[in-house]
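K.L.:
I'd like to ask you about the structure that follows.
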Amino acid sequence: MIGIFLAGAFAISLGLFFNRNKLVNYALLFVFSALLVVFSIYEYNHINVIELEFFKPDSIGVLLLFALTIVSIPVIIHGERYIETHNVDETPKSRAVFFGAMVALISACAIVLISGHIAVTWIFIEITTLSASALIYHHRNLRALEGVWKYVFICAISITFVYIGILFISLSLKDAGIDDMSFDSLYANADKLNPFWLKLAFLFIFTGFTAKIGLVPMYTAGIDAKDKAPAPAGALLSSILMNAGFVTIYRIYAVLSHTSLQHWANTVMIIAALLSIFVATVYMTRIKNIKRMFAYSSIEHMGLVILGLSAGGIGVYAAILHIFLHTLIKPTLFLQFNQVYWVYRSKSIYDVGNYFKYNKVGAILMLLAFISATAMPPSGLFISEFLIFQSLFEAHFIVILLVVLLLLTMIIWGFGKNIFKLLFTPPLTIDETKIPHISGWESLSQYALLGLSVYLAYNPPVVFVTLIQDAVKLVQ
Amino acid sequence: MTDILLIALAMSLLYISIANRLYTYLNILVFQGFILFGVTYLTLTKISTINLMLIMLETIVFKALAVPWFINHIIKRNGITREAEPYLPNFVSLIIVTFITVSTIILSSSIKDPNLDKTFFVVALSTIFTGLYLIVTRKKIITHVIGYIIIENGVFVLSLAVGNEMPMLVNLGIMLDIFASVLILGVFFNRIGDLLKDPDIDHLRNLKD
């Protein structure tokens with residue numbers, strides 16, 4: 001099936017790239033969505049079965065593959081809306097490049113999720129960089145160029161770091177006398193690997209993947225990318241691409257968790273996570289660009305996820321739940337931002353306001369999405385964040401817990417200040433005649449995503465819990 | 001013989017740290033490409049001939065000829081000034097690069113692993129860190145790209161150290177080379193040249209909070 005998916009996705013991506021006809025474009029995207037659904041159901045039914053030698057859909061991969069499918073379909077629909085309705089300078093060619101790159105990005109992320117070999121993961125991470133850069137450069141102006149240049153350069157360096165990490169893993173394998181670099185073989189022989197090289201490998205691979213997952217030190221490129229990319233692409237960059245980075249870090253961490261290096265790895269990850277939350281706090285309390293604010297909010301959540309992972313115990317479960325729910329919630333904000341932009345034609349917090357007056361359905365959604373993203377009940381993230389705090393408490397990281405709580409309070413303040421300005425304070429200057437009518441249907445998929453996140457957190461189906469529990473077993 | 005070549009590579013790093021003109025940088029890239037060609041030939045004795053030919057072809061065609069030629073083309077096309085414009089004086093750069101090399105030697109002497117060829121390790125690491133240093137301390141975008149290519153050369157040396165056991169990894173490294181160079185140089189640098197007449201990093205400083 002992976003072979004079919006790869007070939008199909010490649011063909012569809014190429015087809016989208018060369019096709020200039022609108023109807024064919026719709027048809028191809030529909031086929032791709034159907035392929036994604038079939039693919040994720042098939043992989044769920046063939047969990048832990050190795051395919052084509054290098055691919056093994058384990059529980060965490062399948063779980064996040066479901067999240068990817070759920071998010072990708074509304075993003076594709078909103079991508080069409082983005083290109084069609086409110087952008088006058090779109091040409092058939094720009095549409096072709098946009099959707100070709102989007103399909104390539106989604107498929108590459110899907111393959112990363114279920115790859116069972118570190119080198120294969122690495123190759124597909126390269127493809128995500130390539131396709132993401134085409135999406136970021138969609139508007140072809142100087143600002144977009146700057147964003148894409150920074151993104152490409154930092155991702156190139158990060159990918160080199162990951163490669164160095166892979167080389168160090170191969171050095172650590174020499175001691176154990178094996179040359180199979182699949183994750184399964186690494187888990188099985190974890191205690192035989194040379195700890196010194198494994199340590200270095202973890203450092204380099206973790207640092208490299210922080211560019212994708214969005215943590216200190218390499219988070220910067222992602223922020224500019226999400227700011228400059230069209231909002232539907234930003235939704236993908238801040239959800240499924242981050243998941244692709246997370247899955248790989250999770251698998252490498254799982255290798256270390258079978259050795260005596262687990263404690264050391266936890267320390268490294270806690271430092272990165274704390275710094276990320278700190279950076280997110282600093283920027284979110286003074287930021288004036290709404291899209292960048294959403295991007296920094298993702299940094300904060302990834303920090304929490306990694307914190308939960310390194311606290312251990314219930315924290316690992318909470319981390320996976322958190323990243324799943326975040327995958328549903330963050331695209332909501334980005335997709336909704338499109339409507340905000342149609343009303344005000346600006347990203348700056350100074351130009352917006354009184355959103356309730358211009359788009360009621362969207363404004364209610366914005367409020368709900370804000371509650372969801374800041375993990376206030378009844379948000380789904382409340383459950384996972386609560387469990388993460390519990391795990392920190394149980395691991396006796398009281399000081400860290402206090403610091404994080406303080407920082408999160410400041411984030412809620414900064415986030416809330418801007419969102420309430422957007423929703424209630426009247427804007428200084430606005431030409432009300434130019435505001436387009438926005439149908440309530442545009443917000444339907446976002447409501448569905450938010451509803452799903454609440455449902456999954458408070459009333460999780462057995463299948464969902466079993467998948468997370470299986471995924472947790474990888475680490476402990 | 002391998003050691004001599006690798007040490008020559010390390011010496012080229014010292015030279016690049018005090019180089020003033022962009023063409024000197026390019027000549028050093030060509031020089032490093034030829035050295036890597038030689039090291040590949042001498043080191044990878046246990047892999048299949050076709051694979052060895054592929055790797056050597058990549059080093060000579062891609063690293064030593066195509067990339068420097070292309071950068072040269074970009075410099076001419078965009079009329080980039082010939083100065084490298086470092087933020088720090090050359091003397092300080094020289095000291096720092098020396099310091100990098102010495103500290104990698106000290107680091108490697110603390111490793112007790114019989115499987116590791118330490119010359120490879122030292123040269124690779126100091127090349128990688130020198131590349132990073134060049135990126136941080138030079139002003140032009142084109143020197144950032146050159147710094148990145150130097151990092152890649154270092155990574156390539158490191159991959160040669162394990163190349164006999166795992167030729168797949170060397171091939172991956174070559175993929176990285178081609179991917180990153182084509183992406184960075186081919187697609188975007190051409191665009192930057194179209195949009196910006198003087199590709200200076202200062203023009204790409206608008207995105208901030």
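K.L.:
Set the Förster distance to 45 Å, then compute FRET efficiency between B:L57 and A:H46 from the Cβ-Cβ distance, nearest 0.05.
P.N.:
Between B:L57 and A:H46 the formula returns 0.65.
K.L.:
Taking the simple approach of a point 7 Å from Cα along Cα-to-Cβ for both B:I4 and A:V463, what is their distance in nm?
P.N.:
6.8 nm
K.L.:
Are there any trypsin sites (Lys or Arg not before Pro) in segment B:35-86 that are in a DSSP loop and have at most 11 other Cβ atoms within 10 Å? List them by number.
P.N.:
Here the sparse-neighbourhood loop sites are B:K46, B:R82.
K.L.:
On to the next question. How much mean residue ellipticity at 222 nm does chain A get from its helices, if each DSSP H run of length 4 or more adds -39500 (n - 2.57) and you divide by all residues, to the nearest 500 deg cm²/dmol?
P.N.:
Values: 20 runs with 365 residues, N = 476.
The per-residue figure over chain A is -26000 deg cm²/dmol.
K.L.:
While we're on this one: In whole Å, what is the distance between the alpha-carbon centres of segment B:118-135 and segment A:298-331?
P.N.:
So the two Cα centres are separated by 36 Å.
K.L.:
Counting only chymotrypsin sites (Phe, Trp or Tyr not before Pro) that sit in a DSSP loop (anything but H, G, I, E, B) with at most 15 other Cβ atoms within 10 Å, what is the longest stretch of chain A containing none of them?
P.N.:
With a cap of 15 other Cβ atoms within 10 Å, the longest stretch comes to A:1-349.
K.L.:
Check the straight Cα-Cα distances from A:K192 and name the aspartates and glutamates below 13 Å, setting aside those fewer than 8 residues away within the same chain.
P.N.:
Qualifying aspartates and glutamates at Cα under 13 Å: A:D175, A:D179.
K.L.:
Turning to a different aspect of this structure: Checking the cross-link filter: which lysines have an alpha carbon closer than 21 Å to that of B:K76, excluding same-chain neighbours under 8 positions apart?
P.N.:
B:K63, B:K139, B:K140, B:K197
K.L.:
To the nearest 10 degrees, how steeply does helix A:142-176 sit against the main Cα axis of chain A, on a 0 to 90 scale?
P.N.:
Once rounded, one gets 10 degrees.
K.L.:
Okay, next question. Starting from the Cα coordinates of the protein assembly as shown, work out the convex hull volume and express it per residue in Å³.
P.N.:
Each residue corresponds to 153 Å³ of Cα convex hull volume.
K.L.:
Could you give the length gained on full extension between A:H437 and A:L402, defined as 0.36 nm per residue of separation minus the Cα-Cα distance, in nm?
P.N.:
Fully extending the segment from A:H437 to A:L402 adds 8.0 nm.
K.L.:
Segment A:428-476 to segment A:59-105: how many Å between their Cα centroids?
P.N.:
About 17 Å separates the Cα centre of segment A:428-476 from the one of segment A:59-105.
K.L.:
Take the alpha-carbon positions of segment B:2-200, form their convex hull, and give its projected area averaged over all directions (one quarter of the hull surface) in nm².
P.N.:
Values: hull surface 42.0 nm².
That works out to 10.5 nm², a quarter of the Cα hull's surface.
K.L.:
Among the listed pairs A:K330/A:K357; A:K347/B:K208; A:K150/B:K208, which have their C-alpha atoms separated by more than 19 angstrom in this model?
P.N.:
Result: A:K330/A:K357 exceed 19 Å.
K.L.:
So what J values fall out for segment A:323-339 if you push phi through Karplus, 6.51 cos²θ - 1.76 cosθ + 1.60 with θ = phi - 60°, rounded to Hz, Gly and Pro as x?
P.N.:
Each residue's phi maps through the Karplus curve to give 5, 5, 5, 4, 4, 7, 7, 5, x, 4, 4, 5, 5, 5, 4, 3, 5 Hz.
K.L.:
While we're on this one: Apply the Karplus parameterisation 6.51 cos²θ - 1.76 cosθ + 1.60, with θ equal to phi minus 60°, to every residue of segment A:288-294 and state each ³J(HN,Hα) to the nearest whole Hz, in sequence, with x for glycine and proline.
P.N.:
Running phi through 6.51 cos²θ - 1.76 cosθ + 1.60 with θ = phi - 60° gives 10, 10, 4, 5, 5, 4, 4 Hz.
K.L.:
Here's a follow-up. Please rank A:K150, A:K212, fewest neighbouring Cβ atoms within 10 Å first, as an exposure proxy.
P.N.:
Exposure proxy ranking, most exposed first: A:K150, A:K212.
K.L.:
To the nearest 10 degrees, how steeply does helix B:167-181 sit against the main Cα axis of chain B, on a 0 to 90 scale?
P.N.:
Roughly 10 degrees between the two axes.
Where a number appears in this text, it was derived from the coordinates with a stated rule and is not lab data. Since the structure is predicted, the reported quantities are computational estimates derived from the model, not experimental observations. Note that each Cβ is placed from the backbone with ideal geometry, even for glycine, and that neighbours are counted across all protein chains shown.
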